[in-house]
Amino acid sequence: MTERVKIAWKNVTVGFDGRKPVLKGLNLEAYEGRSLVVIGGSGTGKSVTLKTALGLIRPQEGTVEIDGEAVRPGHENDPGVAQIGMLFQSGALFDSLPVWKNVAFRLLHAEHVNEDEARTRAIEALEQVDLDAHVADQRPGSLSGGMLKRAALARAIVARPKILFFDEPTTGLHFHDIRQLLGVLHRLRDQGNTVVVIEHNLDVIKTADWLIDLG
C-alpha cells in the first residue's frame, strides 16, 4: 500500500537578518503513521524546521504542506496546524496549576470544554502515557523528571492530534525513563499518528523508522 505524505517541506528556505540561511532548499516528507527523527548540531535548523510547520516562522522561499494544503503562518485556525500536538524540551508545565489543569490547558482555554469533561480527558491522556489517575491532582513540582516529561506528553495528546512534534524529548532523563518514554512514543505512532522528533540520543535514533541529518 502506498504511504501517504502527512507533512511536506517543499524547497523551504529560512534566514534571519540577512545572515546565512538556517534552512536552504529543504525538501522533506513525514508519512502518516510513521516516525521521523531529525538530527544535527546546534544551529543547523532542527527547531526551525518544526516551527515552519507550526506556522510560527514564514519561509522566505518554499512552502510547508499538511495534508496537501499549505500552512498559513499567523492564522490561528489553520486546519493543518490544529492537528499538531507539541512536546517542548523543558516540558513547560505551570507550577501553579495541578497536573490535570496543565494537561487540559488547551481544552479549557482554546476549546472551551467544561471542567468536568476536561478533567476526564486529562486523566485519560495521563493513563495513555502510563501515569496513574492520582497524579492528576498533584503539582508538577512533586513529580520526577520522567513523570514530568510524560505529563507534558499527555498535554500534547489530550486534544487528540494526528501529528506529534517532540523537541529533544529525552533530554535530562535517566535510561529507565528514556525507555519508558520511547515505549509511549512508539505506541502513539502505532495508533496511526505521524511522529516527528528532534533528537541527539542514539537510543531514540536507532528506533526510528527513518531519519534525516541536518548537520
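The values are calculated or read from the model by the stated rules, or taken from the named source; none is laboratory data. Just so we're clear, the structure is a prediction, and the values are computed from it rather than from any experiment. Note that each Cβ is placed from the backbone with ideal geometry, even for glycine, and that neighbours are counted across all protein chains shown. SASA here: full protein model, heavy atoms, side chains in, ligands and nucleic acids out. Shrake-Rupley method; radii C 1.70, N 1.55, O 1.52, S 1.80 Å.
Computed over the chain with a Gaussian network model linking Cα atoms closer than 10 Å, the most mobile of 55, 192, 45 is 192. Under a 5 Å amide H cut-off, with hydrogens placed 1.01 Å from N, residue 89 pairs with 167 among residues at least 5 apart or on other chains.
Can you tell me which of 37, 99, 135 moves the most in a GNM of the chain? Springs connect C-alpha atoms under 10 Å apart. Maximum fluctuation in the GNM of the chain, among the listed residues, is at 135. Helix screen, the chain: DSSP H segments with Cα axial length of 15 Å or more and mean Kyte-Doolittle hydropathy at least 0.0 are 145-157. With K and R counted +1 and D and E -1, the other residues having a Cβ less than 15 Å from that of residue 100 yield a net charge of -1. Need one number: the % of Cα-Cα pairs in the range 1-126 sitting beyond the 25 Å mark. Within the range 1-126, distances greater than 25 Å cover 39 percent of Cα pairs. Once the 1.4 Å probe is applied to the protein heavy atoms, the chain comes out at 50 Å² accessible per residue. For residue 77 and residue 186, the difference between the fully extended length at 0.36 nm per residue and the C-alpha to C-alpha distance is 36.4 nm. Every helix of 4 or more DSSP H residues in the chain counts as -39500 (n - 2.57), and over all residues that averages to -9000 deg cm²/dmol at 222 nm.
Between 152, 104, 82, the Gaussian network model of the chain with springs among Cα atoms under 10 angstrom shows the greatest mean-square fluctuation at 82. Compared with the alpha-carbon gap, the fully stretched path from residue 179 to residue 4 is longer by 60.2 nm at 0.36 nm per residue.
Between the alpha-carbon centres of the range 90-112 and the range 142-215 there is a gap of 19 Å.
Expressed as a whole percent, the accessible area of the chain that falls on carbon and sulfur atoms is 49 (1.4 Å probe). For the range 10-95, GluC sites (Glu not before Pro) meeting the loop criterion (DSSP other than H, G, I, E, B) and having at most 11 other Cβ atoms within 10 Å: 76. Would you work out the charge dipole size for the range 109-211 about its Cα centre, treating the Cβ of every Lys and Arg as +1 and the Cβ of every Asp and Glu as -1, and quote it to the nearest 20 debye? Once rounded to the nearest 20, the dipole reads 180 debye. Rg over Rh for the chain works out to 0.97, both radii taken from alpha-carbon positions and Rh defined as the Kirkwood radius. Using only the Cα atoms of the range 79-198, build the gyration tensor, take square roots of its eigenvalues as a ≥ b ≥ c, and label the shape rounded, prolate or oblate: rounded if a/c is under 1.5, else prolate if a/b is larger than b/c, else oblate. Taking the square roots of the gyration eigenvalues as a ≥ b ≥ c, the range 79-198 is oblate.
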